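Asks: Have a look at the structure that comes next, please.
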Amino acid sequence: MKLIKTRFKDAFLIIPTHFEDSRGYFYESFNQNVFEDNTNIQIEFVQDNHSLSNKNVLRGLHYQKPPFEQAKLVRVVSGCIYDVIVDLRKNSQTFGMWESYELTSENRQQLWIPKGFAHGFLSMSDSTQVIYKTDNYYNKDSAISIRYNDPHLNIKWPIDNPVQSENDLKGISFLNL
């Protein structure tokens with residue numbers, strides 16, 4: 001496992017070690033001992049989520065208010081996403097900043113998103129499948145959707161008019177958190 005630091009404290013890309021030969025490939029997508037040894041973060045996942053998205057579907061930006069915040073480990077099993085995280089930790093030096101990552105089934109990179117971040121992704125290919133583990137359960141009453149095109153965040157998405165859910169279309173401004 002190789003860790004690549006991001007601009008955010010405690011958020012990073014993970015490149016798992018994989019083995020490839022004439023039969024195909026194999027990699028361990030998660031091993032708690034290896035994860036904790038490499039990150040010094042103790043984690044207990046309680047929920048796995050799996051989404052299928054068509055091209056140009058944008059899911060997010062999603063966030064859960066305390067005490068239902070979620071840390072996430074995100075990976076793509078088919079296709080490609082433009083993945084965005086936004087630091088919502090008010091005491092952080094990077095509060096309100098965002099960063100994007102391209103996660104694909106080919107590069108096998110995974111994104112570790114600590115608690116306190118909004119998360120969203122844009123499907124860049126047809127039939128994109130994303131799997132992510134969370135350390136807290138989904139709680140409908142604490143779930144917030146932030147507008148993907150909030151001018152205060154100024155996120156540079158690769159398309160102008162993504163397909164969104166009804167809920168995401170009603171997203172709030174970053175300033176109203």
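The values are calculated or read from the model by the stated rules, or taken from the named source; none is laboratory data. Owing to the predicted nature of the structure, the values given are computational and were not obtained by experimental measurement. Note that we place each Cβ from the backbone using ideal geometry, even for glycine, and neighbour counts take in every protein chain shown. Calculation scope for accessible area: heavy atoms of the full protein, side chains included, ligands and nucleic acids excluded. Shrake-Rupley method; radii C 1.70, N 1.55, O 1.52, S 1.80 Å.
Asks: Output the residue which, of all residues in region 105-137 that are polar (S, T, N, Q) and outside any strand (DSSP E or B), is farthest from F26 (Cα to Cα).
Replies: Applying the first criterion (polar (S, T, N, Q)) to region 105-137 yields 105, 107, 109-110, 123, 125, 127-129, 134, 136.
Then keep just the ones that are outside any strand (DSSP E or B); that gives 105, 107, 109, 125, 127, 136.
Values: S105: 13, N107: 13, Q109: 14, S125: 23, S127: 22, N136: 28 Å.
Here the residue is N136.
Asks: Could you please find all residues in region 76-104 being out of contact with any Asp or Glu (no Cβ under 7 Å at 6 or more places or on another chain), surrounded by fewer than 19 Cβ atoms within 10 Å (Cβ to Cβ) and assigned to a strand (DSSP E or B)?
Replies: V77, S78, E99, E102, T104
Asks: Residue by residue through region 30-75, note down the ones that are open to solvent by 30 Å² or more (accessible area, probe 1.4 Å), assigned to a strand (DSSP E or B) and touching a residue at least 60 places away in the same chain (Cβ under 8 Å).
Replies: So in region 30-75, the residues open to solvent by 30 Å² or more (accessible area, probe 1.4 Å) come out as 30-34, 36-38, 40-42, 44-50, 52, 54-56, 59, 62-63, 65-69, 75.
Of the ones still in play, those that are also assigned to a strand (DSSP E or B) are 47-50, 52, 59, 62-63, 75.
Hits for region 30-75 are Q47, D48, N49, H50, L52, R59, H62, Y63.
Asks: D135 versus (1) more than 25 Å from K2 (Cβ to Cβ); (2) open to solvent by 10 Å² or more (accessible area, probe 1.4 Å); (3) in contact (Cβ under 8 Å) with a residue 24 or more places away in the chain; (4) out of contact with any strand residue (DSSP E or B) (no Cβ under 6 Å at 6 or more places or on another chain): which is the lone unmet condition?
Replies: For D135, the exception is condition (1).
Asks: Tell me which of these K9 doesn't satisfy, since it passes every other one: (1) part of a strand (DSSP E or B); (2) modelled with pLDDT under 95.
Replies: (1)
Asks: Here's another thing I want to ask about it. Condition test on K65, is it within 19 Å of N139 (Cβ to Cβ) and charged (D, E, K, R)?
Replies: Details: within 19 Å of N139 (Cβ to Cβ): yes; charged (D, E, K, R): yes.
Spelling it out, K65 is indeed within 19 Å of N139 (Cβ to Cβ) and charged (D, E, K, R).
Asks: Right, here's the next one. So in region 138-159, with the set limited to residues that are of a type in the set (K, R) and in contact (Cβ under 8 Å) with a residue 40 or more places away in the chain, which one is nearest to F117 (Cα to Cα)? Please lay out each step first, then the result.
Replies: Filtering region 138-159 for residues of a type in the set (K, R) gives 140, 147, 156.
Checking the rest, the ones that are also in contact (Cβ under 8 Å) with a residue 40 or more places away in the chain come to 147, 156.
Numbers: R147: 14, K156: 17 Å.
Checking each candidate, the answer is R147.
Asks: Further question on the same structure: Taking region 15-29 only, how many residues are within 16 Å of V77 (Cβ to Cβ) and either part of a strand (DSSP E or B) or touching a residue at least 24 places away in the same chain (Cβ under 8 Å) (or both)?
Replies: The number of residues fulfilling the criteria is 8.
Asks: Quick check on region 2-15. Is at least one of its residues open to solvent by 40 Å² or more (accessible area, probe 1.4 Å), of a type outside the set (D, E, K, R) and farther than 21 Å from F121 by Cβ?
Replies: So the first thing to find is which residues in region 2-15 are open to solvent by 40 Å² or more (accessible area, probe 1.4 Å), and the list is 2-5, 7, 9-10, 15.
Narrowing further to those that are of a type outside the set (D, E, K, R): 3-4, 15.
Adding the requirement that they be farther than 21 Å from F121 by Cβ leaves none.
Among the residues of region 2-15, not one is open to solvent by 40 Å² or more (accessible area, probe 1.4 Å), of a type outside the set (D, E, K, R) and farther than 21 Å from F121 by Cβ, which makes the answer no.
Asks: State which residue is surrounded by the fewest Cβ atoms within 10 Å (Cβ to Cβ) when the search covers only region 105-123 and only residues that are of a type in the set (D, E, K, R) and over 15 Å from L177 (Cβ atoms). I'd like the intermediate steps shown before the answer.
Replies: Of all residues in region 105-123, those of a type in the set (D, E, K, R) come to 106, 108, 115.
Within this subset, residues satisfying the condition of being over 15 Å from L177 (Cβ atoms) are 106, 108.
Values: E106: 9, R108: 18.
Only one residue tops the list, namely E106.
Asks: Okay, next question. Quick one: how many residues across region 138-166 are touching a strand residue (DSSP E or B) at 6+ places or on another chain (Cβ under 9 Å), assigned to a loop (DSSP other than H, G, I, E, B) and surrounded by fewer than 16 Cβ atoms within 10 Å (Cβ to Cβ)? Lay out the reasoning, then the answer.
Replies: Taking region 138-166 as the starting set, the residues that turn out to be touching a strand residue (DSSP E or B) at 6+ places or on another chain (Cβ under 9 Å) are 138-139, 142-148, 150, 153-159, 162-165.
In the following step, the residues that additionally are assigned to a loop (DSSP other than H, G, I, E, B) were identified as 138-139, 147-148, 150, 153-159, 162, 164-165.
Filter once more, keeping what is surrounded by fewer than 16 Cβ atoms within 10 Å (Cβ to Cβ): 138-139, 154, 156-159, 165.
The qualifying residues number 8.
Asks: Okay, moving on. Determine which member of the set F30, F95, F19, F35 is at pLDDT below 95, touching a strand residue (DSSP E or B) at 6+ places or on another chain (Cβ under 6 Å) and among the hydrophobic types (A, V, I, L, M, F, W, C).
Replies: Unique residue meeting the criteria: F19.
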